[in-house]
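Inspection log for the structure reproduced underneath, given as structure tokens.
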Amino acid sequence: MVKLVLVLGDQLSDTLSALSAADQARDVVVMSEVATEAGYVPHHPKKIAFIFAAMRKFAARLKAGGWRVAYTRLDDPDTAGSMPGELLRRAAEFSANEVIATEPGEWRLIDALGEVPLTVTLLEDDRFIASHREFEGWAEGRKSLRMEYFYREMRRKTGLLMDGNQPEGGQWNFDHDNRKPAPDSVTFEGPMRFEPDDVVRDVLALVEERFGDNFGDLHPFTLATDAEQAQAHLQHWLDGGAPSFGDFQDAMLHDHRFLFHAFVGAYINSGLLDPVAVCWAVEAAFRAGHVPLNAAEGFIRQVIGWREYVRGIYFLEGRDYTDRNILGHERKLPDVFWGGKTWMNCMSHAVAQTKEEGYAHHIQRLMVTGNFALLAGIDPAEVHEWYLAVYIDAFEWVEAPNVIGMSQFADGGIIASKPYVSSGNYIHKMSDYCGTCSYKVKEKTGPDACPFNLLYWDFLVRHRDRFSNNPRMGQMYRVWDKMDTQRQSTVLHDAQTFLTKLDSGDLV
Ligand code: FAD
Ligand code: DLZ
Ligand code: SF4
């Protein structure tokens, strides 16, 4: 009997376990652009266009490879509008009662598939290095789940950057070499850009019509939308960006949005690039003497360390992870995040770039928008929805641990040993944003004081009970305690004035 083989918009890999388990001569691949997936958050139009275009091209690739594919476009009049609905419709059409699927990357969809009145077999997503069982085994009995130790296991398992049993260069981690402030000049021009072809143009017209009001610019659209283009983009970055990736990983520059970052998140997460193959390509560039060890190790750690680790945490922690709010933050997400005008140059820049590209690099996400949300006490669920909507690479399994855990500390410290908060000083050191800002980064109080300076102390004081005994934060509490009490009250007063203006929608 025919079985349906479900392929989701972030499962566009030739090696997908559902495809490997199916019988090409008998089974039908089901792929659907559906309103529920396109609408569970107000996705950036570029993200929707990317997924739909990549899905259409992958469907064509499967057909060319001999598969029968039942593909539903968003504007198909017969669409059921949801993934379960589409499976039922196709089951009736092909007289099928069994579905083979690779496990989705989101509890919401896993649960929805569980409710479908068909026999649904969920297979492991073996595009990841660590299975759920492996991660659970690693986590079991540990007091704290730090990424670093997990990462070493992944290095041993894959053999990446290993010298026998030992790490290449005698160290597992070269992070201390990777914190240089922004360079004076950048010659790498950023991601490779692709002119829209016919498939992409069709999708752009559809997305413009249906999702044109969502936050984010659809045009210009120059993303890679198939595996060959993504591979060409990767090579372009290996040649030009990878050698400096490590040194300037944490830097931020007005005129260089991408700096030396790889811009591969969306391509890896959707399945167009294989994460381990990408890492082997970086390792090969290192062995060829083209990429230094600190860059190669730094990059490989992000992919086989952080990426695998956050996925492990998402599934280990379960369905309620996105509801966590240990710090009790309840402020509404201010308009600044949706492009509302602000005098804060760093925020304005990070949000404008997000609107135009559907992309910001890690430090912009963590130390600008994330830092601001945490300092200002914004409800982590709202912060989570924002990140899930606005970044092209955002899928819940990877986005939620980064936002709820790493950035907002809402999980109480499962991922981060201390909250990632900083005053304006850090942003000043790592970027060229402060020089042209209306606020003064060196001013600590008064109407011109950098809001990050005010909110930093306000945050620490608000959460003193929780953090003052944290060994990595004690020093900051000592600095606060030594401050003149008059100055302390001015700082807290000015912080409140700022937050009141923020809440009233005044320009801040
Ligand atoms: P590069 O800096 O070139 O890094 C290479 C690759 O390493 C990335 O493509 C990604 O696959 C992996 N990587 C790096 N850091 C992480 C990390 N912390 N977690 C998982 N993988 C990582 N990444 C996503 O893929 N999707 C998200 O929705 C997402 N949301 C984030 C939200 C916040 C608040 C923060 C702080 C980080 C988030 N990240 C997310 C992680 C990281 O910021 C992005 O992976 C990265 O910016 C993507 O750009 P790039 O490909 O140029 O990355
Ligand atoms: C993100 C996304 C969007 C916007 N649209 C679709 C879609 O129409 N059809 C589909 O199969 N997948 C889509 N996706 C990706 C899914 O939301 C993703 O598979 C789940 O969030 C699990 O990671
Ligand atoms: Fe951001 Fe403060 Fe610098 Fe302005 S001065 S760019 S608000 S850190």
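When you go through V69, V99 one by one, which is the residue that is touching a residue at least 40 places away in the same chain (Cβ under 8 Å) and either assigned to a loop (DSSP other than H, G, I, E, B) or closer than 23 Å to D274 by Cβ (or both)?
Exactly one of V69, V99 is touching a residue at least 40 places away in the same chain (Cβ under 8 Å) and either assigned to a loop (DSSP other than H, G, I, E, B) or closer than 23 Å to D274 by Cβ (or both), namely V69.
Within the set of pairs 6 or more residues apart or between chains, which connect a residue that is open to solvent by less than 20 Å² (accessible area, probe 1.4 Å) inside segment 260-285 to a residue that is modelled with pLDDT under 95 and more than 9 Å from ligand 1 (Cβ to nearest atom) with Cβ atoms less than 6 Å apart? Once the first residue is open to solvent by less than 20 Å² (accessible area, probe 1.4 Å) and sits in segment 260-285, its partners that are modelled with pLDDT under 95 and more than 9 Å from ligand 1 (Cβ to nearest atom) give F260/F188; F260/S244; F260/F248. Here the condition is being open to solvent by less than 30 Å² (accessible area, probe 1.4 Å) and either among the aromatic types (F, W, Y) or closer than 27 Å to W386 by Cα (or both); of A230, A296, it holds for A230 alone. Return a yes/no flag: does segment 82-91 have any residue that is assigned to a strand (DSSP E or B) and open to solvent by less than 60 Å² (accessible area, probe 1.4 Å). Looking through segment 82-91, none of the residues is assigned to a strand (DSSP E or B) and open to solvent by less than 60 Å² (accessible area, probe 1.4 Å). On the stretch given as segment 356-378, residues that are open to solvent by 10 Å² or more (accessible area, probe 1.4 Å), closer than 15 Å to I392 by Cβ and within 12 Å of ligand 1 (Cβ to nearest atom) total 4. Where helices (runs of 4 or more DSSP H) sit wholly within segment 256-370, those with at least 3 residues that are away from ligand 2 (no atom under 16 Å from the Cβ), farther than 24 Å from R152 by Cβ and of a type in the set (S, T, N, Q) occupy 345-357. Residue check: K143 meets all listed conditions (1) part of a helix (DSSP H, G or I); (2) basic (K, R); (3) outside the structural domain of D27 (by TED's automatic domain parsing) but one, namely (1). Flag set for D393, criterion: among the acidic types (D, E), within 15 Å of the chain's Cα centre (by Cα) and either surrounded by fewer than 21 Cβ atoms within 10 Å (Cβ to Cβ) or in a helix (DSSP H, G or I) (or both).
Applying the criterion of being closer than 12 Å to G216 by Cβ and more than 15 Å from ligand 1 (Cβ to nearest atom) to the residues of segment 328-355, the residue that is surrounded by the most Cβ atoms within 10 Å (Cβ to Cβ) is K355. The residue that is farthest from ligand 2 (Cβ to nearest atom), counting only those in segment 38-61 that are open to solvent by 40 Å² or more (accessible area, probe 1.4 Å) and under 19 Å from A205 (Cα atoms), is P42. Scoring D75 on the criteria (1) of a type in the set (D, E, K, R); (2) surrounded by fewer than 15 Cβ atoms within 10 Å (Cβ to Cβ); (3) free of Cβ contacts under 8 Å to residues at least 60 places away in the same chain leaves a single failure, condition (3).
The values are calculated or read from the model by the stated rules, or taken from the named source; none is laboratory data. In this text, all values refer to a predicted model and were calculated from it rather than measured experimentally. All Cβ positions, glycine included, derive from the backbone under ideal geometry; neighbour counts span all protein chains shown. These accessible areas exclude ligands, DNA and RNA; they are computed on the full protein's heavy atoms, side chains included. Shrake-Rupley method; radii C 1.70, N 1.55, O 1.52, S 1.80 Å.
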